[in-house]
């Protein structure tokens, strides 16, 4: 089986020069995966733009309308950290559509990886930390409202806490939120996930992977999800500008193999998004993100 991967050219829209969000990484990631034979043109699935009614499964009508019309309060726009544009609307709504397609394909094939996604800092009525609409939350609500699943586990290994997910699903027994993140990092006001694991600054590969292993199998046994949504942020890397942890490329690959192979061994479908990653060296960053897809490709060969 070819690894199903979700990508759309809309994932990239121009930003001002020197903006610290690495927008070009999405297109470059798809190109690298094709070049290295991890995916083929036939295994790429193109999402549709998520419509307003889907966005409103999580977000308030006012927030969706104001963002899409460019009428957000300037303070609210600044908190997002991305300058508003027509292209940003298209990019944002297509990326949400990408995660919606990723979860559907994961249910069909057992595994699927997006080449974007992981906007876990978005709350129902505001965005934050480069996150506008919360793709993981929207995809979860979609699956539940459509009756496609009854129980979801979100495994969030981005270096920053999945505060939006924690808040949105605080009183929802159908979605279990697990966030393993650097304690002394954004967001400084943490929310309460179903399970939070705070990590010390400077944690290395072995320390990180041992902590993850001590939770993952038990979580799967306890939650018994119909699907796992995995946020594979690579801002845990030692070279990340916003991270504060010390994982290497090898450590990140081992992490991806650990998560994906464990979920598949337990028989749970897994839908993965790439999450955060910030580096001045774009090629190195894109390679780090590709480790998710390389691990997924290797899992299919096991």
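Just so it is clear, none of the values below were taken in a lab; they were calculated from the coordinates. This one's a predicted model, so the numbers in the text were calculated from it and none came from an experiment. Positions of Cβ are generated from backbone atoms using ideal geometry, with glycine treated the same way; all protein chains shown enter the neighbour counts.
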Among rounded, prolate and oblate, which fits region 163-216 when a ≥ b ≥ c are the square roots of the eigenvalues of its C-alpha gyration tensor, a/c under 1.5 means rounded, and a/b larger than b/c means prolate?
oblate
Relative contact order of the chain, please, whole-number percent, based on alpha carbon pairs below 8 angstrom and at least 6 residues apart.
20
Region 227-302, relative contact order in percent, only Cα pairs under 8 angstrom and at least six apart counted:
40
Could you check what % of the DSSP bridge pairs in the chain are antiparallel, to the nearest 5?
5
Extension gain, residue 34 back to residue 71 (0.36 nm per residue minus Cα-Cα distance, nm)
9.4 nm
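Going by how many other beta carbons lie within 10 Å of each one, how would you line up 13, 99, fewest first?
So the residues, fewest neighbours to most, are 13, 99.
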Residue 213 to residue 300: FRET efficiency via 1/(1 + (r/R0)^6), r the Cβ-Cβ distance, R0 25 Å, to the nearest 0.05?
0.70
Within region 116-152, list the residues whose amide N lies under 14 Å from a label point set 7 Å along Cα→Cβ of residue 174.
137-152
Give the calculated FRET efficiency between residue 18 and residue 248 to the nearest 0.05, with a Förster radius of 25 Å applied to their Cβ-Cβ distance.
0.35
At 222 nm, what helix-only mean residue ellipticity would the chain give, in deg cm²/dmol to the nearest 500, using -39500 (n - 2.57) for each DSSP H run of four or more?
-13500 deg cm²/dmol
Rounded, prolate or oblate: which fits region 1-158, taking a ≥ b ≥ c as square roots of the Cα gyration tensor eigenvalues, rounded meaning a/c under 1.5, else prolate when a/b beats b/c?
oblate
Residue order, fewest to most surrounding Cβ atoms within 10 angstrom, among 19, 160
19, 160
Whole-Å distance, taken between Cα centres, linking region 43-70 and region 208-243
27
Where the centre of each part is set by its Cα atoms, how far does region 10-37 sit from region 147-172, in angstrom?
26
Using Cβ counts within 10 Å as a stand-in for footprinting exposure, how do 192, 27 rank, fewest first?
192, 27
Prolate/oblate/rounded label for the chain (Cα gyration tensor, a/c 1.5):
rounded
Taking Cα pairs closer than 8 Å and at least 6 residues apart, the relative contact order of region 1-157 in percent is 29
Could you give the nm distance between label points at residue 283 and residue 43, where each point is 7 Å from its Cα heading toward the beta carbon?
2.4
Cut-off 10 angstrom, C-alpha nodes, Gaussian network model of the chain. Which of 100, 245, 209 fluctuates the most?
209
